[in-house]
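I have placed the structure first, in the form of structure tokens, so that the comments after it can refer back to it.
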Amino acid sequence: MRIQEGDGEMRRTGPALGAVAAAAALGGLVLTAPTASGVGAVASARAAPVTVLALELDEPAGATTAADSSGMGHDGAIGSHVRMNGSYADWDRHPPDAGIYYGAAHLIMVPDAADGSLDPGSGNFSVEIRYRTTDKFGNVIQKGQAKDAGGQVKFQQPKGVISCMFKSPSGQAAIGSKTPLNDGQWHVVRCDRTSSDVTMYVDGVLRNRIRKPTGTIDNKKPWTLGGKFDCDTSDPTVGADSCDYFPGDIDYVHITKG
């Protein structure tokens, strides 16, 4: 469902809690199918897709908590530099060569879930964001960093071209939007990870796909919006450890697993 924003933009609301509960209930359903002799047999047990994180980021100015509307209770902590306005979250501009570490102040941080629900694991996992920016750098959203043993998931926008990466100790796949999206317009970017490939959609249209397994991704790090928590201010380049804070707006973050 989509609703009209006050500024004339359109945005999607989060999933209804009842739908999430129903999907969770279906996760344990065992399906049966008739055999040639007409006798029912167990065919498979498949977990239905479940939304594990839904940050609508529609909190008012001064809010310190980003509510998770998925029903999973994965609320995020809003840093003091992040401006909320009742519709979306806004991050101010800190170029990579500024040499200043802002830590949690420039981030929205969602703690790791002990049950592994916020990690891709080895199965299907989708991350969808609606964002806009006029800059050409920044880590938009990620869980884990380059040296984490459990792997990482990362969206970044070098030269304005947004990319998503899924990385584990046994495999890595990264794909980009091919063309810059830093035009100041709202864009919806979704990356779907399966056991065999990673696919990107931009504004509902297939943009890129790579057929490459990425193994099992499960780390103990938080999801961070707007940059990374651990970074090196002495490195002005857009490297693995640099402080590459995202400048722009994020309207929502939806993560689905299963």
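The values are calculated or read from the model by the stated rules, or taken from the named source; none is laboratory data. Predicted model only: the values in this text are computed from it and were never measured. Methodologically, a virtual Cβ is constructed for each residue, glycine included, from the backbone with ideal geometry; neighbour enumeration extends over all protein chains shown. Note: areas computed on protein heavy atoms with side chains; ligands, DNA, RNA excluded. Shrake-Rupley method; radii C 1.70, N 1.55, O 1.52, S 1.80 Å.
When you go through 104, 173, 114 one by one, which is the residue that is in a strand (DSSP E or B) and of a type in the set (A, V, I, L, M)?
Of 104, 173, 114, the one residue that is in a strand (DSSP E or B) and of a type in the set (A, V, I, L, M) is 173.
From (1) surrounded by 14 or more Cβ atoms within 10 Å (Cβ to Cβ); (2) modelled with pLDDT under 85, pick out the condition that doesn't hold for residue 44.
Status for residue 44: all satisfied but (1).
Quick one: is residue 126 at pLDDT 95 or above and within 24 Å of residue 188 (Cα to Cα)?
Taking the combined requirement at face value, the residue satisfies it.
Can you tell me how many residues within segment 175-207 are among the small types (Gly, Ala, Ser), touching a residue at least 40 places away in the same chain (Cβ under 8 Å) and more than 19 Å from residue 159 (Cβ to Cβ)?
Residues in segment 175-207 being among the small types (Gly, Ala, Ser), touching a residue at least 40 places away in the same chain (Cβ under 8 Å) and more than 19 Å from residue 159 (Cβ to Cβ): 1 in total.
Just to be sure I understand the filter: pairs with C-beta atoms under 6 Å, separated by 6 or more residues or on different chains, first member in segment 118-130 and under 13 Å from residue 197 (Cβ atoms) and part of a loop (DSSP other than H, G, I, E, B), second member open to solvent by 10 Å² or more (accessible area, probe 1.4 Å) and among the hydroxyl-bearing types (Ser, Thr, Tyr). Which pairs pass?
124/194
Restricting the search to segment 181-213, which residues are β-branched (Val, Ile, Thr) and assigned to a strand (DSSP E or B)?
188, 189, 198, 199, 202, 205, 210
Exactly one of these conditions fails for residue 163: (1) over 15 Å from the mean Cα position of the chain (by Cα); (2) of a type in the set (S, T, N, Q); (3) open to solvent by less than 40 Å² (accessible area, probe 1.4 Å). Give me its number.
(1)
Considering only segment 200-232, how many residues are among the β-branched types (Val, Ile, Thr), within 20 Å of residue 144 (Cα to Cα) and open to solvent by less than 30 Å² (accessible area, probe 1.4 Å)?
Number of matching residues: 3.
Among the candidates 224, 214, 199, which residue alone is of a type in the set (S, T, N, Q) and closer than 21 Å to residue 82 by Cα?
224
Would you confirm whether any residue within segment 126-138 is in contact with a Leu (Cβ under 9 Å, 6 or more places away or on another chain), over 25 Å from residue 213 (Cβ atoms) and open to solvent by 40 Å² or more (accessible area, probe 1.4 Å)?
yes
Could you list, in sequence order, the residues of segment 75-120 that are of a type in the set (Phe, Trp, Tyr) and open to solvent by less than 40 Å² (accessible area, probe 1.4 Å)?
Passing the criteria: 88, 91.
Test residue 48 against the stated conditions and say whether it is part of a strand (DSSP E or B) and over 16 Å from residue 252 (Cβ atoms).
So residue 48 does not fit the description; no.
For segment 65-85, how many residues are hydroxyl-bearing (Ser, Thr, Tyr) and touching a residue at least 40 places away in the same chain (Cβ under 8 Å)?
Within segment 65-85, residues that are hydroxyl-bearing (Ser, Thr, Tyr) and touching a residue at least 40 places away in the same chain (Cβ under 8 Å) number 2.
Test residue 153 against the stated conditions and say whether it is over 21 Å from residue 213 (Cβ atoms), among the hydrophobic types (A, V, I, L, M, F, W, C) and crowded, with 24+ Cβ neighbours inside 10 Å.
No, not satisfied.
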